[in-house]
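Structure record follows, encoded as structure tokens.
None of the figures in this text is laboratory data; all of them are computed from the coordinates on show. Just so we're clear, the structure is a prediction, and the values are computed from it rather than from any experiment. A quick note on method: Cβ atoms are made from the backbone with ideal geometry, for glycine too, and the neighbour counts reach across all protein chains shown.
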Amino acid sequence: MKNVYLAAPLFSDAECDFNSKLRDELEGIGMSVFLPQEHSNDSDSERDARQESIFSKNVAAIDSADILVAVLDGVDVDSGTAWEIGYAHALGKPVYGLRTDFRTLGIEGTVNLMIERSVVLCTDLDELLELLEL
């Protein structure tokens, strides 16, 4: 069983719902998924302690992950997701980006060049799952 870190924005109900659906799909093909909105959100601490807890848990989860899957939807990639992609890429971990958003950056490409060159870019969930099952 491969360990997956699921990097994605998590600031609206719609984002959290999509992330949960994606987690379920990944688990359905035999992956163990670390989802930050569920596994590192310690809301009982004061601000600084809470931020340190979230940061430490997420970094440790990326360190132990076999693969990082990143949701790239939106006008631009979420800044936290972009950091997680860069960190995983620097560690030499495979990174798969899921972009279901049809907006582009014109002649620049689908997403920011630095992101696009750091991920295996998938444009729908079926494509992502097929690549991960190989």
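Tell me, 69, 75, 119 in order of fewest to most beta-carbon neighbours within 10 Å?
75, 119, 69
What three numbers, in Å, describe the spread of the alpha carbons of segment 64-134 along their principal axes, ordered from the longest?
Principal-axis extents of segment 64-134 (Cα, largest first): 35, 25, 17 Å.
GNM, the chain, Cα, under 10 Å: largest mean-square fluctuation among 68, 113, 22?
Maximum fluctuation in the GNM of the chain, among the listed residues, is at 113.
Per-residue ellipticity at 222 nm for the chain, helices alone: DSSP H runs ≥ 4 residues times -39500 (n - 2.57), over residue total, nearest 500 deg cm²/dmol?
-14000 deg cm²/dmol
How long is the gain from residue 14 to residue 1 if the chain were fully straight, where each residue apart is worth 0.36 nm and the alpha carbon distance is subtracted?
Contour length minus Cα-Cα distance gives 1.8 nm.
Output the relative contact order of the chain, whole-number percent, from Cα pairs under 8 angstrom with separation of 6+ residues.
This gives 24 percent for the chain.
Computed from the mean reciprocal separation of all distinct C-alpha pairs, what Kirkwood hydrodynamic radius does the chain have, in Å?
15.1
So if each residue of separation counts as 0.36 nm, and I subtract the Cα-Cα distance between residue 100 and residue 57, what length gain in nm does that give?
12.7 nm
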